Amino acid sequence: MWNESVKPYVFLVLCVLFWSGNFILGRFIHEDIEPVQLAMYRWLGVLILLLPYLMRQRRAVWGALKGHFWMLLLLSFLGVTSFNTVLYVGLQDTTATNALLINSATPITIVLLSVLILKSKVRPLQVAGILFSMVGVVHLALHGEWERLATLSFGKGDIWVIVASSMWALYSVLLRFRPAGFSGYFATSVLLGSLMLYGVFWQMGYGLLDVFSFSLNAKLVIAYTVVFPSFLSYHFWHYGIANIGPEKSGQFVHLMPVFGSILAFFFLGERFYMYHLGGVALIGVGIYLSLFLGKAKA
């Protein structure tokens with residue numbers, strides 16, 4: 001029987017799995033489609049899926065917009081308009097290793113912003129768990145060769161990834177201020193975010209019909225981003241935050257390199273090495289410390 005207490009954790013695992021595919025495909029397709037185009041078609045596809053709901057709930061949506069317009073606009077800008085667009089820009093000019101290293105700081109950024117904005121209390125075990133997981137992510141990203149830290153170089157692509165990760169951390173914390181009891185939040189944020197994104201898309205000289213000239217690979221990637229890391233993952237992420245909070249939900253981001261390694265094994269023919277096992281073990285210990293051990297002793 002389905003245990004409701006387990007549901008947020010299952011949803012968050014699936015959410016991060018789909019996001020891992022988004023990182024890989026975003027890098028894979030970067031020469032075939034511009035970042036703003038990929039973001040625009042991604043959210044336009046989600047908006048089309050949500051249009052029937054928006055039409056049925058138009059009075060509730062209009063009421064929420066009148067009462068909470070500026071907060072909804074801010075959340076839409078951070079979560080829809082900006083985050084993925086900026087991430088895709090960064091993936092044009094950075095390596096997978098750098099992106100993983102930068103992204104590993106997202107959970108600690110969420111915790112810090114939660115303390116500053118929400119006045120959340122953080123347990124020592126939670127901090128220890130995040131640090132364990134961060135070490136695991138770095139271990140995976142460096143292929144177990146820590147001396148490679150001395151030779152890493154960072155450029156403009158990495159700055160964009162830092163900005164994107166920071167935006168997502170802020171978005172995750174500010175979700176606490178979305179309209180209470182408003183079931184149409186996601187659809188409304190997609191509507192507002194897509195409209196703002198279209199303004200940038202149009203100003204850059206792109207047209208919506210450009211999609212018909214794209215390669216088959218680009219079209220398939222767009223379809224994937226619409227359904228999995230957008231339509232499904234955003235619902236799963238919001239559900240997780242609503243049930244266990246942004247601090248604990250953020251810890252699941254550290255599963256991305258684990259899933260990335262698994263996806264690379266199945267789809268790119270890459271091999272598993274001992275450093276994979278070491279990194280996965282550290283991440284697992286970190287998640288256990290921050291999510292479950294502390295809960296059991298509370």
Subject >> Qualifying residues in region 128-155 (those that are in contact with a Phe, Trp or Tyr (Cβ under 7 Å, 6 or more places away or on another chain) and outside any helix (DSSP H, G or I)) - the one surrounded by the most Cβ atoms within 10 Å (Cβ to Cβ) >> reply: G144
**OP:** Please enumerate the residues belonging to region 15-64 that are at pLDDT 90 or above and among the hydroxyl-bearing types (S, T, Y).
**Re:** Y41, Y53
Subject >> Set I287, I262, I241: member being out of contact with any Pro (no Cβ under 8 Å at 6 or more places or on another chain), more than 21 Å from Y88 (Cβ to Cβ), part of a helix (DSSP H, G or I) and modelled with pLDDT of 90 or more >> reply: I241
Original post:
Does V122 qualify as being of a type in the set (A, V, I, L, M, F, W, C), part of a helix (DSSP H, G or I) and either touching a residue at least 24 places away in the same chain (Cβ under 8 Å) or more than 23 Å from L282 (Cβ to Cβ) (or both)?
Top reply: no
**OP:** Could you please find all residues in region 167-208 being in contact (Cβ under 8 Å) with a residue 60 or more places away in the chain and under 19 Å from E34 (Cβ atoms)?
**Re:** G193, S194, M196, L197, Y198, V200, F201, M204, Y206, L208
Original post:
Given the structure, is V115 modelled with pLDDT under 90, β-branched (V, I, T), in a helix (DSSP H, G or I) and surrounded by 18 or more Cβ atoms within 10 Å (Cβ to Cβ)?
Top reply: no
Subject >> Subset of region 173-194 [of a type in the set (A, V, I, L, M) and in a loop (DSSP other than H, G, I, E, B)] >> reply: A180
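The values are calculated or read from the model by the stated rules, or taken from the named source; none is laboratory data. On a predicted model such as this, the values are computed, not experimentally measured, just so you know. Because the Cβ atoms are built from the backbone with ideal geometry, glycine has one as well, and the counts that use them run over all protein chains shown.
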